[in-house]
Amino acid sequence: MTHKFPLCFEITVRLSIQENSRQSELRKEILQSQQQLIRSLIRLSSKLTFSIRYFYDPNQTPKIKTYLLINQPDEFQTEEIYDQLFSFLKKGKISDFFTLTPQSDFSQFQRLDWVNFIGEVLKYEEFIEPQNYYLPHLFKANEANDMLAVYDVINRLDNRVILEITLQNYQNSHEKQILVNAINQMVAQLDKVNASTTGNKDNFLSVTWELYQKYQQFYCNGDLFQYSIKALAENRGEASLVLNTLIEHATEETTHSKQCKIFIASKDKPGFSGSLQATENVDISTAIEWEGWPKIFGQLLIREAIKPKKGGWAKLSDGSLNLSAISSTPKVLNPAQSQNQPREHDAVLGGSPLAKFSSPPPSRIIDLKPLHRLATSQEISSFFRIAVLRATLDLSFEQPINKLPDQLTIEEMIGKYGNLITEDTYIVGIDQHGNPYVSDFSKIPHRIVAGTTGTGKTNFLNSMIYQFLYASFKANIERQIYIADFKAGIDFYRIARRYSNVNLVTKAEDLATLLVNLWQEYERRLARMIEEDVESLKELREKCHSQEHRIILVIDEAASILNAERKIREEISKYLQELAAKSRVTGIHIFYCSQRPTPDVIPRIISDNMDERVIFKVFPAASQLLLDDDAASELPVEPKGRAIYRGLEPDLKLVATPYVPKSVWNNPFS
Ligand SMILES: Nc1ncnc2c1ncn2[C@@H]1O[C@H](COP(=O)(O)OP(=O)(O)OP(=O)(O)O)[C@@H](O)[C@H]1O
């Protein structure tokens, strides 16, 4: 498989719980696994940028989806790093709790024209005068943040929001060296000020001194990250609410001061487009920043700006004499002089090879500025979190399938979620979290439905047919449904009698004829699409005002085909295979059902083309064949109508399908 950065994974929660593990222990374990995630990713490659994103859209189901995006500059992309990444995400500790499903595209993060405001969280910066202290406060992480409060708040919003937390290893070794020098010089100066101050100590001095000692301890060695903590929103208030809630839960209260500040930029403000682009490119952005950085102040040399109040350097405890302190006004360098240009000091030392080793060049206060955009993994870990819903944890302990309704009728379901049923979609059932699970014909053309007798297949097919008719009614179109049912079940007779566009065949030879007709319809549609140069039925309809709509073919007990006469059997098999492989684009969709899903009933070529599986209770071998998993064999016999769903993604879903009482066929839609 060839891969290309940026990579995007949808994250879903999956808990493999030990019998004896308690909820609080489990919660702790999940949080620890997330802290390790940052360290492990960096160990794989220090060039990675990684981003956790909560995408909230009140019109999607579920409303919040969580993603991990990973990027790396082109020149460092190797097959090896992909392999390591994929096996780490699939099999590492994190996979105990989360399933990371690779996404073929991440266009939802590249079509951001709806974003009106970008809010960013930055370290809180203070400038203390006249002492000339620059204080970028450290984040004090709240290790216990599980993101639930943030998740709850987002879930209540009226508009779309992306909450993004992006980290990138701090790579710039030149800038880092300048920063380390500046921190060391800051500490040295503060030491001197501290030693020379007697009696009442300046309160800011101790705070600043303590802060820079921490920076010296934690930032001069070890991994540092650049971070972007952002909310991209349609509405300013909602961006601010999300970030405030995040700060409140991701950081702990400190005694001295605030740790973070929120900046909100609207479309017309500087930094907005740069920040938006960084989100689209899965990159760190430093575009939005505090406009209040005092320019002149920043250019001061640390050793000149930060001095004992009175008396000069002669008083210093180490007895050293600092000549530059004799000058009464601090020396201000030309602000245009870039950090990367040679300094005065470099010029003085000239070409001496010893210059580099003798002493670092004098640092300016501005050299400390990168601190406000940097964090250690420990500081940032409480922001870089994946939410595990309370409901998931509760469910995993007490009521494993609690949110699945015991029985929900198709009418109740349409009453609640009718808006999700469209010309392209139907609802498979209600999932473990109580949400409707929607399937899309435009994404998956064909389906396999299986289950031993009496487990709910026919009821499920009725539910799908009813929804198909309902969507046709809403769109005021007539769409054809063909059913092959060799048991001649009474249910399908009833439907076919009631709806003129539902056609029932009950004999194998009629199915063969039907398939030939469908094949001809496929060829006719395809020829028309080629002629009109369109790629989908929808485009064809729009361009030519034609009436080609989706067609459904249901084969209720596929095993019966094996009993047909050889010639008919071969004809059915041939056209079925052709349709399964090719009819996708022309809107002809097959539901292939069986009580006895064995390889002779469901040949490889059929199953390879039928990506959606709705599997009611079956024997373990059948469950393995259709799902690569025993899950469907472990379903309870009661209540009826529960199935394991598998779509394009490998993870399985438990769904409760809606009950279709016979009476619904007597009540036309209105
Ligand atoms: N989702 C559901 N909710 C409640 N009852 C259901 C549900 N699905 C099926 N049942 C009930 O279970 C019984 C068997 O369902 P169904 O006829 O759909 O099974 P089947 O798998 O098609 O069986 P067979 O293969 O023997 O035809 C029916 O009485 C039906 O009403």
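Each reported figure results from applying straightforward, stated rules to the coordinates on display, with no laboratory input. Computed from a predicted model, the values in this text were never measured in an experiment. With ideal geometry, Cβ positions are generated from the backbone for all residues, glycine too; neighbour counts draw on all protein chains shown.
Quick notes
- The simple Förster model, with R0 at 45 Å and r as the Cβ-Cβ distance, assigns D74 and S240 a FRET efficiency of 0.80.
- The angle separating the long axis of helix 508-532 from the principal Cα axis of greatest extent in the chain is about 50 degrees.
- Considering only the Cα atoms of the chain, their convex hull presents on average a projected area of 37.1 nm².
- At R0 = 45 Å, FRET efficiency that the Cβ-Cβ distance of N59 and W293 yields, to 0.05: 0.65
- Seen from A278, the other residues with C-beta closer than 12 Å to its C-beta sum to a net charge of -3, counting Lys and Arg as +1 and Asp and Glu as -1.
- Nearest-0.05 FRET efficiency for D440 and Q216, computed from C-beta distance (R0 45 Å): 0.20
- Added length on full extension, which subtracts the Cα-Cα distance from 0.36 nm per residue, Q103 to H174: 21.9 nm
- Centre separation in Å (Cα based) which lies between the stretch 93-163 and the stretch 528-573: 47
- Each of K487 and Q36 was given a label point 7 Å from its Cα along the Cα-to-Cβ line. The distance between the two points is 4.9 nm.
- The antiparallel fraction among DSSP beta bridges confined to the stretch 410-665 stands at about 40%.
- Dividing the helix sum by the residues of the chain, where each DSSP H run of 4 or more adds -39500 (n - 2.57), gives a mean residue ellipticity at 222 nm of -11000 deg cm²/dmol.
- Extension gain for D113 to L562 (0.36 nm times residue separation, less C-alpha to C-alpha distance): 156.2 nm.
- Among the trypsin sites (Lys or Arg not before Pro) found in the stretch 155-195, those both in a DSSP coil and sparsely packed, with 16 or fewer other Cβ atoms within 10 Å of their Cβ, are R156.
- Direction-averaged projected area, Cα convex hull, the stretch 132-282: 11.5 nm², rounded to one decimal.
- Across K192/K307; K474/K538; K457/K538, pairs whose alpha-carbon gap is larger than 19 Å: K457/K538
- The angle separating the long axis of helix 457-475 from the principal Cα axis of greatest extent in the chain is about 80 degrees.
- Summing charges over neighbours of S46, with a neighbour being any other residue whose Cβ is under 12 Å away from its Cβ, gives +2 when K and R count +1 and D and E count -1.
- With the alpha-carbon atoms of the stretch 487-595 aligned to their principal axes, the span from lowest to highest coordinate is 43, 33, 21 Å, starting with the largest.
- Label zone at E539 (point 7 Å along Cα-to-Cβ), backbone N below 16 Å, the stretch 577-621: 584-587
- Look at F669, F50 and count the other Cβ atoms within 10 Å of each Cβ; fewest to most, that gives F669, F50.
- Angle between the chain longest axis and helix 203-219 axis [Cα atoms, degrees, rounded to 10]: 60
- Binned Cα-Cα distances of the stretch 410-665, short to long, each 5 Å bin given as a whole percent: 1, 6, 14, 18, 20, 18, 13, 7, 2, 1, 0
- Counting charges near K258 (Lys, Arg +1; Asp, Glu -1) among other residues having Cβ under 11 Å from its Cβ returns a value of 0.
- Residue order for T453, T197, fewest other beta carbons within 10 angstrom first, comes to T453, T197.
- DSSP assigns beta bridges within the chain; of those with both partners inside it, close to 75 percent run antiparallel.
- Given K4/K543; K176/K258; K91/K640; K47/K295; K269/K295; K543/K662, the pairs whose alpha carbons are separated by over 29 Å: K4/K543; K91/K640; K47/K295; K543/K662
- As a proxy for reagent exposure, ranking W114, W519 by other Cβ atoms within 10 Å from fewest up yields W114, W519.
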